[in-house]
């Protein structure tokens, strides 16, 4: 997928140049959202996105459940960049989650998912598809999660939805990160200099 706005390969400003360098070093390339969206927006927008990622590290919810909630929202919204990034993360940091990511659209019937995970994914599905959560869905969620964890699941759905819609509106698709993660480290980081 070609984004609607041409990627900016040489950003203005030291902070964006550093961000490009770090992303290239981590992923083997600069992500499309950074070259299309962030390179055109005031720095505050990009730093806000970074803050969301840092806040996600403060969640009490298990990282595996958080990853599944994000994956469900990404799949419903068909954000290929986010689906690819989620898979990249699983390949590199949580390979035990790959079978569940592969079955995310069958979570209601797949034996891979617990009732607890299904409750979180039901809320993510309903909220993403209908922009509403039924009392029954909420009651099922409350049987498995604390009030804080419920708020965190809601946070994950809403912030992922924002990232999805931002990418979809600009035509930002998959960067092929999963292919990059399979390359030898030297090939993936060969051109990691600051532009």
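The values are calculated or read from the model by the stated rules, or taken from the named source; none is laboratory data. Just so it is clear, the structure is predicted and the values come from calculations on it, not from any experiment. FYI the Cβ positions are ideal-geometry reconstructions off the backbone, even for glycines, and counts take in every protein chain you see.
Out of 138, 113, I need the residue that is at pLDDT 95 or above, in contact with a helix residue (DSSP H, G or I) (Cβ under 9 Å, 6 or more places away or on another chain), surrounded by 14 or more Cβ atoms within 10 Å (Cβ to Cβ) and not in a helix (DSSP H, G or I). Which one? Explain how you work it out, then say what you get.
On the way: 138 fails: not in a helix (DSSP H, G or I).
Exactly one of 138, 113 is at pLDDT 95 or above, in contact with a helix residue (DSSP H, G or I) (Cβ under 9 Å, 6 or more places away or on another chain), surrounded by 14 or more Cβ atoms within 10 Å (Cβ to Cβ) and not in a helix (DSSP H, G or I), namely 113.
Just checking, does region 73-89 include any residue being on the phi > 0 side of the Ramachandran plot and either in contact with a helix residue (DSSP H, G or I) (Cβ under 6 Å, 6 or more places away or on another chain) or in contact (Cβ under 8 Å) with a residue 24 or more places away in the chain (or both)?
Yes: region 73-89 contains one or more residues that are on the phi > 0 side of the Ramachandran plot and either in contact with a helix residue (DSSP H, G or I) (Cβ under 6 Å, 6 or more places away or on another chain) or in contact (Cβ under 8 Å) with a residue 24 or more places away in the chain (or both).
In region 55-77, is there at least one residue being over 20 Å from residue 150 (Cβ atoms) and surrounded by fewer than 17 Cβ atoms within 10 Å (Cβ to Cβ)?
There is no residue in region 55-77 that is over 20 Å from residue 150 (Cβ atoms) and surrounded by fewer than 17 Cβ atoms within 10 Å (Cβ to Cβ).
If we only count helices (runs of 4 or more DSSP H) wholly inside region 1-90, which ones have 1 or more residues that are at pLDDT 95 or above and farther than 15 Å from residue 174 by Cα?
Helices (runs of 4 or more DSSP H) meeting the threshold: 14-27, 63-77.
Out of region 141-157, which residues are part of a helix (DSSP H, G or I), touching a helix residue (DSSP H, G or I) at 6+ places or on another chain (Cβ under 9 Å) and surrounded by fewer than 17 Cβ atoms within 10 Å (Cβ to Cβ)?
Hits for region 141-157 are 142, 154.
Going by the conditions given, is residue 52 more than 23 Å from residue 2 (Cα to Cα), in contact (Cβ under 8 Å) with a residue 40 or more places away in the chain and either crowded, with 17+ Cβ neighbours inside 10 Å or under 18 Å from the mean Cα position of the chain (by Cα) (or both)? Spell out the reasoning first.
Numbers: more than 23 Å from residue 2 (Cα to Cα): yes; in contact (Cβ under 8 Å) with a residue 40 or more places away in the chain: yes; either crowded, with 17+ Cβ neighbours inside 10 Å or under 18 Å from the mean Cα position of the chain (by Cα) (or both): yes.
Yes: the conditions hold for residue 52.
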